[in-house]
Amino acid sequence: MDHAPVTVPLQTGIKVIDALIPVGRGQRELILGDRQTGKTAIAIDTILNQRGRNVLCVYCAIGQRASAVAKAVATLREKGAMDYTVLVVTEGNDPPGLAYIAPYAATSIAEHFMEVGRDVLIVYDDLTHHARAYRELSLLLRRPPGREAFPGDIFYIHSRLLERATHLRRERGGGSLTALPIIETEAQNISAYIPTNLISITDGQIYLSPSLFELGVLPAVDVGKSVSRVGGKAQLAAYRAVAGDLKLAYAQFEELETFARFGARIDEDTKKTIEHGQRIRSCLKQPEFSPVSVPAQIAVLLALTAKLFSDVPLGQMTDAEQAVRKAVMKIPEEVRQRLDTADKMRDEDRETIIEIARKAIARFQPMPEPGEKS
């Protein structure tokens, strides 16, 4: 009765997430993948991007190695994120009771701020350690082990934790609590007991693929297996105008890419789809700890959907994309402000941005051969 629909986006600053798997304030979005695929990096990036957005962040480290926690804290401190971040930490050598209680303590802190009308983001890193700590406690208490030796009420303890994330009605202060639980899979098995439990409790998942990670596609988000069941409703209108075509083009590319690997003969249309898909993938790559602003993301996505990158050699895609992002400063101030609001993108705004992007990309396109028509 106290909950309101999720209508405001939580910008992560990560292009692939904001465009294709958007997260809204008050949503629960699971981040899952094998170890060392960049799960924590996505959560830290999201915290860094909340600077100046009036979102308070709570980072809860559950049973992590002390060195991993120290690294995360050092990054947050270096980037100035500690001004709006609360840390709740249990390390790997702490007793299981502490690891079990840590996420509840962190959520209580987050709920306090939500109740006074603030927007809060909470990261649980990670619930695999939490489930193991609870299993250890349960076995010591002689509770009967169930599936995969986890006690029967493991689903209940996680749902009780995550269902506290919500967007409150205006009468209750209008605060929100957005949860980003992290879970570690083993050998890409997302149908194991704990991952399936959490997928069914949350409003979508961001799946990180080790094969994409090995190929150097970072962040290694598998767009096919990732989904947001709410974010599209909360996504800024400017994204909705460009993201739909992009997701379809990317999905077609991933399907065709497998065939192309076998060296099969492919027709001209298929070749164009694959080349366009390669440019989408290249544009969605992003280094760690470098969030991208909304206008810069929209400019890159518009350039992609208008196929302005088609003639740019793959090796120069990173430079071409950087050039488009720098050219965003030439977009008139009122247009940039409109992109950051829920207003629908105007046709003249679209034309302005595409023209600026076209000029920025022009120097990366190959010069026509002498005698060829340009």
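Find the residue count for the stretch 281-325, including only residues that are within 18 Å of L256 (Cβ to Cβ) and surrounded by fewer than 22 Cβ atoms within 10 Å (Cβ to Cβ).
Summing the residues that are within 18 Å of L256 (Cβ to Cβ) and surrounded by fewer than 22 Cβ atoms within 10 Å (Cβ to Cβ) in the stretch 281-325 gives 5.
Which residue pairs have Cβ atoms closer than 7 Å, lie 6 or more positions apart in sequence or on different chains, and pair a first residue in the stretch 100-113 that is without any contact (Cβ under 8 Å) to a residue 60 or more places away in the chain and within 13 Å of I157 (Cα to Cα) with a second residue that is hydroxyl-bearing (S, T, Y) and in a helix (DSSP H, G or I)?
Short answer, once both residue conditions are applied: Y100/Y134.
If only one of A342, A327 is closer than 21 Å to Q235 by Cα, in contact with a helix residue (DSSP H, G or I) (Cβ under 9 Å, 6 or more places away or on another chain) and in contact (Cβ under 8 Å) with a residue 24 or more places away in the chain, which one is it? Lay out the reasoning, then the answer.
On the way: A327 fails: closer than 21 Å to Q235 by Cα.
Exactly one residue qualifies, and that residue is A342.
Got a sec? Which of D126, D119 is crowded, with 20+ Cβ neighbours inside 10 Å, acidic (D, E) and modelled with pLDDT of 95 or more?
Working: D126 fails: modelled with pLDDT of 95 or more.
After ruling out the rest, the residue left standing is D119.
If I ask for residues that are over 27 Å from the mean Cα position of the chain (by Cα) and among the basic types (K, R), which ones from the stretch 138-169 would you list?
Just the residues of the stretch 138-169 that are over 27 Å from the mean Cα position of the chain (by Cα), to begin with: 138-153.
Passing the criteria: R142, R143, R147.
Say we look at the stretch 326-345 and pick out the residues that are under 16 Å from K15 (Cα atoms) and buried (at least 18 other Cβ atoms within 10 Å of the Cβ); which of these is modelled with the lowest pLDDT? Reasoning before the result, please.
As a first pass, look at the stretch 326-345 and keep what is under 16 Å from K15 (Cα atoms): 326, 328, 339-340.
So of that shortlist, the ones also buried (at least 18 other Cβ atoms within 10 Å of the Cβ) come out as 328, 339.
Numbers: V328: 92, L339: 86.
By that ranking, first place goes to L339.
Can you pull out every residue in the stretch 43-69 that is in a helix (DSSP H, G or I) and surrounded by fewer than 14 Cβ atoms within 10 Å (Cβ to Cβ)?
Step one: of the stretch 43-69, the residues in a helix (DSSP H, G or I) are 43-48, 66-69.
Hits for the stretch 43-69 are A66, S67.
Among the candidates P144, P103, P96, which residue alone is out of contact with any Leu (no Cβ under 6 Å at 6 or more places or on another chain) and in the same structural domain as Q36 (by TED's automatic domain parsing)?
Values: P103 fails: out of contact with any Leu (no Cβ under 6 Å at 6 or more places or on another chain); P96 fails: out of contact with any Leu (no Cβ under 6 Å at 6 or more places or on another chain).
That would be P144, the only listed residue that is out of contact with any Leu (no Cβ under 6 Å at 6 or more places or on another chain) and in the same structural domain as Q36 (by TED's automatic domain parsing).
Since I274 meets every condition but one in (1) within 20 Å of I42 (Cα to Cα); (2) modelled with pLDDT of 90 or more, which condition does it not meet?
(1)
With respect to the numbered conditions (1) within 27 Å of L137 (Cβ to Cβ); (2) more than 21 Å from the chain's Cα centre (by Cα), which one is the sole condition not fulfilled by E78?
(1)
Please tell me if Q27 is surrounded by fewer than 23 Cβ atoms within 10 Å (Cβ to Cβ), in contact (Cβ under 8 Å) with a residue 40 or more places away in the chain and not acidic (D, E). It would help to see each step written out before you state the result.
Details: surrounded by fewer than 23 Cβ atoms within 10 Å (Cβ to Cβ): no; in contact (Cβ under 8 Å) with a residue 40 or more places away in the chain: yes; not acidic (D, E): yes.
The answer is no for Q27.
Of the residues T7, T37, only one is among the polar types (S, T, N, Q), surrounded by 24 or more Cβ atoms within 10 Å (Cβ to Cβ) and either part of a loop (DSSP other than H, G, I, E, B) or at pLDDT below 95 (or both); which?
On the way: T7 fails: surrounded by 24 or more Cβ atoms within 10 Å (Cβ to Cβ).
After ruling out the rest, the residue left standing is T37.
For S138, are the conditions met, namely being among the small types (G, A, S), within 27 Å of T37 (Cα to Cα) and in a helix (DSSP H, G or I)? Break it down stepwise before answering.
Numbers: among the small types (G, A, S): yes; within 27 Å of T37 (Cα to Cα): no; in a helix (DSSP H, G or I): yes.
No; evaluated as a whole, the condition is false for this residue.
Of the conditions (1) outside any loop (DSSP other than H, G, I, E, B); (2) assigned by TED's automatic domain parsing to the domain that holds C283, I266 clears all except one; give me its number.
(1)
What is the residue count in the stretch 114-135 for residues that are without any contact (Cβ under 8 Å) to a residue 40 or more places away in the chain and either of a type in the set (F, W, Y) or not in a helix (DSSP H, G or I) (or both)? If you could, list the steps in order and put the result at the bottom.
Taking the stretch 114-135 first, the residues without any contact (Cβ under 8 Å) to a residue 40 or more places away in the chain are 134-135.
Restricting the remaining residues to those that are either of a type in the set (F, W, Y) or not in a helix (DSSP H, G or I) (or both) gives 134.
Going through the stretch 114-135 one residue at a time, the tally reaches 1.
Filter the stretch 23-34 down to the residues that are assigned to a loop (DSSP other than H, G, I, E, B) and either among the charged types (D, E, K, R) or outside the structural domain of A165 (by TED's automatic domain parsing) (or both) and list them by number. Give the steps one after another, and end with the answer.
Here is the first cut: in the stretch 23-34, the residues assigned to a loop (DSSP other than H, G, I, E, B) are 23, 25-27, 29, 34.
Passing the criteria: R25, E29, D34.
The values are calculated or read from the model by the stated rules, or taken from the named source; none is laboratory data. Every value quoted in this text rests on a predicted model; they were computed, and no experiment measured them. Glycine also receives a Cβ, built like all others from the backbone with ideal geometry; neighbour counts cover every protein chain displayed.
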